[in-house]
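Values in this text are rule-based calculations from the coordinates and carry no lab data. Everything quoted here is computed from the prediction, not taken from an experiment. Methodologically, a virtual Cβ is constructed for each residue, glycine included, from the backbone with ideal geometry; neighbour enumeration extends over all protein chains shown.
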Amino acid sequence: EGLLGSLLSREERRTAPSGIVCRLSRRIMLDPVCTPSGETYERSAIERFLQENEGREPGGSRKVSSELLVPNVALKAFIDGFLAENPLLYDMGGG
């Protein structure tokens, strides 16, 4: 246990800010993209959702194609910095 146990328990108490966790996958986003309505999701999760739901966005009737998903560059930069400081949180599903 010792130092490693102390680090793990401290890391386990931390949680990811809700804004960096995808509402579909419930994991920290590594490739966040915006839909035309302004919502951000993990690319693979929203692409899967659109495929399974006739191209309709979550909670809406608007049809969206994968080509309209735009990388959320600012959020990606924030997430990269957050994970650099909290690498174990991604492995634990974001808290």
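Could you compute the net charge surrounding Ser66? Neighbours are other residues with a C-beta less than 10 Å from the C-beta of Ser66; K and R count +1, D and E count -1.
Overall, the nearby charge balance is -1.
Would you tally the net charge around Val21, using a Cβ to Cβ cut-off of less than 12 Å, leaving Val21 out, and scoring K and R as +1, D and E as -1?
After counting each charged neighbour, the total is +2.
Using the per-residue mean of other Cβ atoms lying within 10 Å as a proxy for protection, in what order, highest first, do the peptides 63-70, 16-23 fall?
Ranking the peptides 63-70, 16-23 by packing returns 16-23, 63-70.
Using a cut-off of under 20 Å, list every residue of the stretch 16-32 whose amide N is near the label point 7 Å from the Cα of Asp80 along the Cα-to-beta-carbon line.
17, 19-22, 28-32
Specify, per residue and in Å³, the volume enclosed by the convex hull of the alpha carbon atoms belonging to the stretch 21-86.
Numbers: hull volume 4.7 nm³, N = 66.
It comes to 71 Å³ per residue, whole-number rounded.
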